[in-house]
Amino acid sequence: MTNSSFVNGLIAGAGIVLALMSFGFLKYIAPVENQQGISSTEIRVAIMLGGIVAAVAIGYEFYSKKEEKKQNESKSNEPKDINEIKTEPVTADEIKIESDKSK
C-alpha cells in the first residue's frame with residue numbers, strides 16, 4: 001500500500017463518515033424541521049458533499065491503480081536498461097587481445 005493510497009482511503013472514509021453522521025442528524029431533527037427556524041438544508045448539503053468526496057476518492061483510487069497497471073505493462077515491453085543487463089567480467093588480457101587483433 002502506498003502512502004497516497006492510505007491518504008486517499010482516509011479521505012474516502014471521512015466523506016462516508018460525514019455523510020452518515022449528517023444523515024443521522026437529519027433523522028434526529030426531522031420532527032422539528034421548520035419550527036423555530038430550524039432548517040435541514042445545510043445538513044442535506046453535508047450529506048451530498050460527503051457522498052461526492054467519498055465517490056471521487058474511491059474513483060481516483062481505481063483510476064490510479066489502472067494507470068499503474070498500464071505503466072507496469074509498458075515497462076515490461078521496453079528493452080532493458082544497460083545497467084540491468086548482466087555480462088561476464090572482462091579481464092585486461094582479453095581487452096589487450098582484442099586490440100591486438102584489430103591492428
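The values are calculated or read from the model by the stated rules, or taken from the named source; none is laboratory data. Computed from a predicted model, the values in this text were never measured in an experiment. Cβ coordinates were reconstructed from backbone atoms using ideal geometry, including for glycine residues, and neighbour counts include every protein chain displayed.
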Only one of Val53, Val45 is in contact with a helix residue (DSSP H, G or I) (Cβ under 7 Å, 6 or more places away or on another chain), at pLDDT 75 or above and of a type in the set (Val, Ile, Thr); which?
Val53
Within segment 1-54, which residues are under 20 Å from Lys65 (Cβ atoms) and not β-branched (Val, Ile, Thr)?
Met1, Asn3, Ser4, Ser5, Phe6, Asn8, Gly9, Leu10, Ala12, Gly13, Gly15, Ala54
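Residue by residue, here is whether (1) buried (at least 16 other Cβ atoms within 10 Å of the Cβ); (2) touching an Asp or Glu at 6+ places or on another chain (Cβ under 8 Å) holds:
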residue	(1), (2)
Val7	no, no
Ala12	yes, yes
Ala19	yes, no
Phe23	yes, no
Pro31	no, no
Gln36	no, no
Ile43	yes, no
Ile47	yes, no
Criterion violated by Asn8 - all others in (1) of a type outside the set (Ser, Thr, Tyr); (2) modelled with pLDDT of 85 or more; (3) over 24 Å from the mean Cα position of the chain (by Cα) satisfied:
(3)
